[in-house]
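The structure that follows is given in the form of structure tokens.
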Amino acid sequence: MLALYLRDIRLSTRAGGGALTGVIFFLAVIAVVPFGVGPDLALLARIGPAILWIGALLAALLGLDRLFQADREDGSLDLMLMAGARHMTAFTVFVKCLAHWTGAVLPLVVASPLLALFMNLDPVAAGATTLTLAVGTPALAFIGAAGAAVAVALPRGGVLVSVLVLPLAIPVLIFGVSASYAAVAEPDPFLPPFLILTALTLFFAVVGPAAAALALRWAGD
Amino acid sequence: MRLIAEGLAGERGGEPVFSGVSFALGAGEALTITGPNGAGKSTLLRVLAGLLPAAAGAARIEGGGADWPDVAAAAHYLGHQNAMKTALTVTENLAFWRDFLGEPHCEVDEALEMVGLGDIGHLPFGYLSTGQRRRAAIARLLVSYRPVWLLDEPTAGLDKASEAQFSALMGAHLEDGGIIVAATHLPLGLAGAELRMAEGAR
């Protein structure tokens, strides 16, 4: 399983892997917001965490449709499904999600404190947003895996995956943003929304791969 | 160990492709599947591998013990695709499959040597020619052990010398007590039974 994790990370950093695509998209989204909203620093600081979360959400969805499609096209997916007796398919999916998160989404989390400067966030808010992104974005990868598995046979399934995945990603977005706000807005407690966000990630870590494994099993042709 | 298929039927998109295929192969036996395009050779192999649900009947392994509970677990499947990543080197690809599939058999270098690719393991898989890619995929059968080989047009794109090399590898696998089911248009130099699938066979 470590071999699969390392292979997928290697693939995401090699040519055509697209590890940087997400970060550049994220940067582009965040960089244009101040121009669109105008130079009102207080307003930027107020909407900052939400914009960072939305940017990260969309950037995380970018490469998702290739999660299984690339493996299906070159035949690797067949062998992974056949190895189901040795490595439970849901666990294989889980490892692929972790690798996708490390390769494509972790760079977004790392870049977010820097991009928080664009949004005039103070250090506490920037730290809180980065922390909630680190905890919440794995859920996006796990939810996305289920969508990617359903759309694996469709040649241009990217948009479909995003549409399938977005409704399920909304709770993650809501609690991620509210936890980030709670860290700076004084009366709101930080911990409850943060713990719900953690719970969402753990919940989808189980449900997402299981659903994806089921979808992949029935997508064979 | 025996590979047994009983009354297998397969369908594609709801259309029956073949039905009533039964055979039993013991250790060291090979089955060659021939027939025109569209006769269902690939579908039969995918049904055997458990990648497609059988419309009727079942395939099973008898006497496989705990190691090889079903056909999917006991079989290597070499399909039309080579299951290799073009961005990784040949050695990285094979080392991954060796780890992932388990039951390590040959070393990666050794397997590459056996398919005549000893000196290009460091190249990205994408740089290889069609025949070399096929040989690298064949090396995958060697790096990790499976008693059953399910081969779909294994020699597509291979030159004469590589074909001979591959038929020697298959011979060695059979001598070890392996089982081979191969769909092909080209003679593979395999002794053993032949299953001829006619178009629209019932």
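Criterion first (buried (at least 19 other Cβ atoms within 10 Å of the Cβ), within 19 Å of the chain's Cα centre (by Cα) and in a helix (DSSP H, G or I)) does A:ALA59 satisfy it?
Details: buried (at least 19 other Cβ atoms within 10 Å of the Cβ): yes; within 19 Å of the chain's Cα centre (by Cα): yes; in a helix (DSSP H, G or I): yes.
Yes; evaluated as a whole, the condition is true for this residue.
Inspect all residues belonging to segment A:29-43 and state whether any of them is touching a Gly at 6+ places or on another chain (Cβ under 6 Å), more than 21 Å from A:VAL124 (Cα to Cα), of a type outside the set (Lys, Arg) and surrounded by 14 or more Cβ atoms within 10 Å (Cβ to Cβ). Lay out the reasoning, then the answer.
Taking segment A:29-43 as the starting set, the residues that turn out to be touching a Gly at 6+ places or on another chain (Cβ under 6 Å) are A:29-30.
Keeping just the survivors that are more than 21 Å from A:VAL124 (Cα to Cα) gives A:29.
Narrowing the set further to residues that are of a type outside the set (Lys, Arg) leaves A:29.
Right, trim to surrounded by 14 or more Cβ atoms within 10 Å (Cβ to Cβ) and you get A:29.
Yes, segment A:29-43 has at least one match.
While we're here: Can you pull out the residues in segment B:165-187 that are part of a helix (DSSP H, G or I), free of Cβ contacts under 8 Å to residues at least 40 places away in the same chain and not polar (S, T, N, Q)? Give the steps one after another, and end with the answer.
Residues of segment B:165-187 that are part of a helix (DSSP H, G or I), as a first pass: B:165-175.
After this cut, where a residue has to be free of Cβ contacts under 8 Å to residues at least 40 places away in the same chain as well, the list is B:167-168, B:171-173.
Within segment B:165-187, B:ALA168, B:GLY171, B:ALA172, B:HIS173 meet the criteria.
Another question, then. Of the residues A:GLY103, A:GLY127, A:GLY136, only one is part of a helix (DSSP H, G or I), surrounded by fewer than 18 Cβ atoms within 10 Å (Cβ to Cβ) and out of contact with any Lys or Arg (no Cβ under 8 Å at 6 or more places or on another chain); which?
Criteria check complete, one pass: A:GLY127.
Taking segment B:48-71 as the region of interest, how many residues are over 19 Å from B:GLU11 (Cα atoms), within 11 Å of chain A (Cβ to nearest Cβ) and without any contact (Cβ under 8 Å) to a residue 60 or more places away in the chain?
4
I need the full set of residues from segment B:76-91 which are facing another protein chain (nearest Cβ under 7 Å) and not polar (S, T, N, Q), in order please. Talk me through it step by step, then tell me what you get.
Going residue by residue through segment B:76-91, those that are facing another protein chain (nearest Cβ under 7 Å) are B:77, B:79, B:81-85, B:87-88.
Those that are facing another protein chain (nearest Cβ under 7 Å) and not polar (S, T, N, Q): B:TYR77, B:GLY79, B:ALA83, B:MET84, B:LYS85, B:ALA87, B:LEU88.
Still on this structure, I have one more. Considering segment A:10-69 alone, what residues qualify as being β-branched (Val, Ile, Thr) and either free of Cβ contacts under 8 Å to residues at least 40 places away in the same chain or within 14 Å of another protein chain (Cβ to nearest Cβ) (or both)? Step through it out loud before you land on a result.
Let us first name the residues in segment A:10-69 that are β-branched (Val, Ile, Thr), namely A:13, A:21, A:23-24, A:29-30, A:32-33, A:37, A:47, A:51, A:54.
Across segment A:10-69, the qualifying residues are A:THR13, A:ILE24, A:VAL29, A:VAL32, A:VAL37.
Every number here is computed from the coordinates shown, using simple stated rules; none is lab data. Values in this document were obtained by computation on a predicted structure and should not be read as measured data. Note that we place each Cβ from the backbone using ideal geometry, even for glycine, and neighbour counts take in every protein chain shown.
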